[in-house]
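Asker: Have a look at this one before I ask anything.
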């Protein structure tokens, strides 16, 4: 399959759908330059999602993808909640504030959200992608019947085969180098495999028949060319676009990205493993005595509150492991640079 033709794009470059950072301007610019723009809508309300989609359509007539979270929902364990709040209470006390009395479920899963499903079926984007898992087989069938291309982030062979059995069209192979949240949904195993190794393992396995988009640690056109030469059909980049003027990352975030050389994975921020710039989350919270967190997205609620009170010590700056290669270009110039380097 020629993936670029299938997606209706010129170049095998996909923008990672970074919730909270992606904007209509960023998505549209990438699409207008021949790639596949993206809107990360997993943390959006229905009205805000519709607003972003309409705005993007005003800025481009080219295809772009929508992305949603498919995490498993569960009832909050009250004891874990209590212990976790107590564990972080010293940080609130240091700031002269009281910790919250309870944790809120910030985001719902696409799997249980008929409003989002109906909205997507009505809008009919070229492609839709999922993170943290798969929607129901019924949802996938409905999306495909509407002519919408379906994609999902996977981190290992078992997830690839599960996605394939559900009828997903494209696999986004996310390596351990990727910034932000791991897309893992096989809760029995996190393989922590490098992007190139994951792509190669999937390509060489005869049971995997779907096209593969590589994601994780890719920052330059040379990286894109190398991963395509390995057998990937396209590459998805996120961290490379974070400092673009069209990104919603604030100035402190962008400044930190340009000054940082390394990142680390933690689940203390959100309750799921995610890679970000090294900070007090890693030095002060990820200690040996740390109790079990209450899980995503409840853990994220108190982390965001702490971040609002003390953004310097407790930033939430997601980024991939090759952040030192980031270039302060606007999205149009970055796309042109990537295409030139790739070719």
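Asker: Going through segment 64-91 one residue at a time, which ones are part of a helix (DSSP H, G or I) and either touching a helix residue (DSSP H, G or I) at 6+ places or on another chain (Cβ under 7 Å) or crowded, with 20+ Cβ neighbours inside 10 Å (or both)?
Answerer: 81, 84, 85, 88, 91
Asker: Could you list, in sequence order, all residues of segment 282-316 that are under 21 Å from residue 70 (Cα atoms) and in a loop (DSSP other than H, G, I, E, B)?
Answerer: The answer is 293, 294, 295, 296, 297.
Asker: If a residue counts only when it is within 20 Å of residue 120 (Cα to Cα), over 21 Å from the mean Cα position of the chain (by Cα) and free of Cβ contacts under 8 Å to residues at least 24 places away in the same chain, which helices (runs of 4 or more DSSP H) contained entirely in segment 1-63 have at least 1 such residues?
Answerer: Details: elements: 3-7, 24-32, 46-59.
So the answer is 46-59.
Asker: Output yes when any residue across segment 298-313 is buried (at least 18 other Cβ atoms within 10 Å of the Cβ), in contact (Cβ under 8 Å) with a residue 24 or more places away in the chain and touching a strand residue (DSSP E or B) at 6+ places or on another chain (Cβ under 9 Å), and no when none is.
Answerer: The answer is no, given that none of the residues of segment 298-313 is buried (at least 18 other Cβ atoms within 10 Å of the Cβ), in contact (Cβ under 8 Å) with a residue 24 or more places away in the chain and touching a strand residue (DSSP E or B) at 6+ places or on another chain (Cβ under 9 Å).
Asker: Can you tell which of 273, 291 is more than 16 Å from the chain's Cα centre (by Cα), farther than 21 Å from residue 241 by Cβ, touching a residue at least 60 places away in the same chain (Cβ under 8 Å) and surrounded by fewer than 23 Cβ atoms within 10 Å (Cβ to Cβ)?
Answerer: Values: 273 fails: more than 16 Å from the chain's Cα centre (by Cα).
That would be 291, the only listed residue that is more than 16 Å from the chain's Cα centre (by Cα), farther than 21 Å from residue 241 by Cβ, touching a residue at least 60 places away in the same chain (Cβ under 8 Å) and surrounded by fewer than 23 Cβ atoms within 10 Å (Cβ to Cβ).
Asker: Can I ask one more? When segment 208-239 is examined, which residues are found to be touching a strand residue (DSSP E or B) at 6+ places or on another chain (Cβ under 6 Å), assigned to a strand (DSSP E or B) and either touching a residue at least 60 places away in the same chain (Cβ under 8 Å) or more than 17 Å from residue 2 (Cβ to Cβ) (or both)?
Answerer: Residues satisfying the conditions are 213, 215, 234, 235, 236.
Asker: Sort out which residues of segment 307-343 are closer than 30 Å to residue 94 by Cβ and within 18 Å of the chain's Cα centre (by Cα), and write them in order of number. If you could, list the steps in order and put the result at the bottom.
Answerer: Step one: list which residues in segment 307-343 are closer than 30 Å to residue 94 by Cβ, which gives 307-319, 323.
Result: 315, 316, 317, 318, 319, 323.
Bear in mind that the values in this text are calculations on the coordinates, not laboratory data. A quick note: this is a predicted structure, and the numbers were derived from the prediction, not measured. All Cβ positions, glycine included, derive from the backbone under ideal geometry; neighbour counts span all protein chains shown.
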